[in-house]
Amino acid sequence: MVMFLTCVTSACSTRFVLPPMEQKMEKVYLLKYSTWGHHSLAFYRDGILTEYTYGDWELFALNKRDGWTAWKNMTISSQGALGRKSVRLNPGDSICDKFAGCEVVVMFDAPQDKAENLGEFLKNSYESNSITEVYNSKEDVHFVKYAKPYWGFHNCNHELVDWLELLGGKVTGLVFYKPQLIEGMEPKVLPIVNIQ
């Protein structure tokens, strides 16, 4: 029985194969948070690190973190939210110091055209819904309503995996809860502390 559970667990563990190398690549940052193993993506351009994150409108944007709201919005499709935070950072500045709850950061290369396309898509999605913008002061992140509904089978982890695949990566295995995206990177990438 133990051997069976070990095989099932290892088969379901998260595997994130990084995008293949191309002639023009861009650095992308993957941030992991202490809350629910949440992850986000960030792009560093012109001295500004811009993070994008996805979640449930009530849980993330309105910060209603009670058990009832979490259970309800994981079982019934609810309003999705797109979060954005931009911070001026110079090379050598600490990243997690600027992002509350950030535990670890890795930097990886993605094809430049795919990174630019995803960055533009997220920027346009955010700005086209700016009328709905709210500020979550506890998280220090602004949120807008997002077209993709949130629920258990399309939560923050699933949306992030979609973004990683738009960058040319491939994700398999456990995604639903606390995916080991950083630990399951292939090839392995060491965590970083400072902007590079």
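The values are calculated or read from the model by the stated rules, or taken from the named source; none is laboratory data. In this text, all values refer to a predicted model and were calculated from it rather than measured experimentally. Backbone-built Cβ (ideal geometry, glycine too); neighbour counts: all protein chains shown.
Listed conditions (1) more than 13 Å from residue 106 (Cα to Cα); (2) touching a Cys at 6+ places or on another chain (Cβ under 8 Å); (3) modelled with pLDDT of 95 or more are all met by residue 36, apart from (3).
Of these, 114, 123, which one is touching a Pro at 6+ places or on another chain (Cβ under 8 Å) and part of a helix (DSSP H, G or I)?
None of the other options fit; the residue is 114.
Every residue in region 163-182 that is surrounded by 14 or more Cβ atoms within 10 Å (Cβ to Cβ) and either of a type in the set (D, E, K, R) or more than 21 Å from residue 20 (Cβ to Cβ) (or both), please. Within region 163-182, 165, 170, 174, 175, 178, 179, 180 qualify. The numbered conditions (1) in a strand (DSSP E or B); (2) closer than 17 Å to residue 168 by Cβ are all true for residue 85 except (2). Residues in region 45-59 that are closer than 22 Å to residue 164 by Cβ and outside any helix (DSSP H, G or I): 45, 48, 49, 50, 51, 52, 53, 54, 55, 56. Residue count for region 60-70, restricted to those that are in contact (Cβ under 8 Å) with a residue 60 or more places away in the chain and either closer than 14 Å to residue 159 by Cβ or outside any helix (DSSP H, G or I) (or both): 3. Considering region 50-87, and only residues there that are of a type in the set (A, V, I, L, M, F, W, C), under 20 Å from residue 142 (Cβ atoms) and touching a helix residue (DSSP H, G or I) at 6+ places or on another chain (Cβ under 7 Å), the residue that is surrounded by the fewest Cβ atoms within 10 Å (Cβ to Cβ) turns out to be 87. The one condition from (1) closer than 26 Å to residue 187 by Cα; (2) among the acidic types (Asp, Glu); (3) free of Cβ contacts under 8 Å to residues at least 24 places away in the same chain that residue 97 does not meet is (1). Of all the residues in region 88-111, those that are assigned to a loop (DSSP other than H, G, I, E, B) and either within 23 Å of residue 179 (Cβ to Cβ) or among the β-branched types (Val, Ile, Thr) (or both) number 4.
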